[in-house]
Each structure stands twice: as structure tokens, then as C-alpha cells.
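The structure under discussion appears below in the form of C-alpha cells.
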Amino acid sequence: MKIAVVIFAVLGLACALPAPRSLASDLDDFLALIPKDDFVALYHKYENDEDVKKIVAYLKSDDFAKVAHIVAQVPEIRDLVAYLEGNNVPIIEFLNKLADRLGLPHWTKYTAYTVKSTRSWRDFLEEAKKLIDLDQVMALVIDKLANSPDFQAL
């Protein structure tokens, strides 16, 4: 009977312990502050703007592909990608989804690429800035720096 009580006590304590945190969890906290659906809606609001079309065209161009290739070769970028991957942050998966949209080559473990609108690129940026509460972001940064060893190591 004593063994059963000990087993239940250990199980109870294990369930009561806080879940271990990780860098991936810390970064997810920041991503949770970004209203993704609002950004998608904002993009669709501006997607016919001539400036936005030019930027999208550039991001899909051979010139940008060359820049992306150069950036992928920078040792610090490769180190950062390796660090994030090593800490269970699926950055390569994200980069490859972005590469698919832009027609760029995939990253590997070793190379961590209508109607004229009256709105402008600057309007887009101004509205985008309003979607993120910088006070919340700063409070989260301060909290993570104080309480998360993984985030502190970043």
C-alpha cells in the first residue's frame, strides 16, 4: 500500500511540475503576439498597389535570388540557422516554405531563397506597425531575458 501511495505522490508531483521551456517555446510566445490573419488581410488589401507589386516581383527575381544565395553563405547566418535548428526551432522548414513562394533554392542543414491602388508601400508599413503591440514585445523580451536561459543564450 505504501508503494502505491509513493507512486501516486510521484505522479502527482510530476504532473504539477511546470513544463520545461525551450527556445522554440520562447519564440512561439513572440509569434503569438503577431496577428497573422490581420497581416494576410493587410497584404491582400495592398497586393494590387504598384509599389507592392514591384517589391514582390523583385523578391521573385534572379537579382534577389543572387542576394539570397550570398546571404545563405555568410558564416554568421549559417551559424544562426544551425543554432536555431539545434534548439528545435524549425527555421529551415520556414525558410524553405518562403523559398517555395519566391522560387528560390531550398536550404539544407548546411546552408541554412490590376486596378491601381491609391494606397502606397508607406501606408502598408504604417498599418503593419499598428498590428504589433511593441510594449507587449518589449515586456516579453524583458521577461525572457530574465527567466529563460535558452533565450538568454540566443
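The set of residues in region 42-54 being open to solvent by less than 60 Å² (accessible area, probe 1.4 Å) and part of a helix (DSSP H, G or I) consists of 42, 46, 52.
Do we have residue 93 as within 18 Å of the chain's Cα centre (by Cα), of a type in the set (Asp, Glu), assigned to a helix (DSSP H, G or I) and modelled with pLDDT under 90 here? Full working, then the answer.
Details: within 18 Å of the chain's Cα centre (by Cα): yes; of a type in the set (Asp, Glu): yes; assigned to a helix (DSSP H, G or I): yes; modelled with pLDDT under 90: no.
No; evaluated as a whole, the condition is false for this residue.
Of the residues making up region 59-76, none is surrounded by 15 or more Cβ atoms within 10 Å (Cβ to Cβ), more than 24 Å from residue 23 (Cβ to Cβ) and among the charged types (D, E, K, R). Scanning region 77-97 for residues that are closer than 18 Å to residue 31 by Cβ and loosely packed, with under 14 Cβ neighbours inside 10 Å yields 88, 90, 93, 94, 97.
All of 57, 82, 72 fail the test of being in a helix (DSSP H, G or I) and touching a Ser or Thr at 6+ places or on another chain (Cβ under 7 Å), apart from 72. Only residues that are of a type outside the set (A, V, I, L, M), at pLDDT below 90 and under 15 Å from residue 154 (Cα atoms) were counted in region 19-37, giving 2. Within region 138-154, residues that are open to solvent by less than 60 Å² (accessible area, probe 1.4 Å) have Cβ atoms under 9 Å from residues that are polar (S, T, N, Q) in these pairs: 144/152; 148/22; 148/25; 150/22; 150/25; 150/87, counting only partners at least 6 apart in sequence or on another chain.
The values are calculated or read from the model by the stated rules, or taken from the named source; none is laboratory data. These numbers come from a predicted model, not from an experiment. Cβ sites come from the backbone with ideal geometry, for glycine too, and all protein chains shown count toward neighbours. Accessible surface areas use protein heavy atoms only, side chains included; no ligands, DNA or RNA. Shrake-Rupley method; radii C 1.70, N 1.55, O 1.52, S 1.80 Å.
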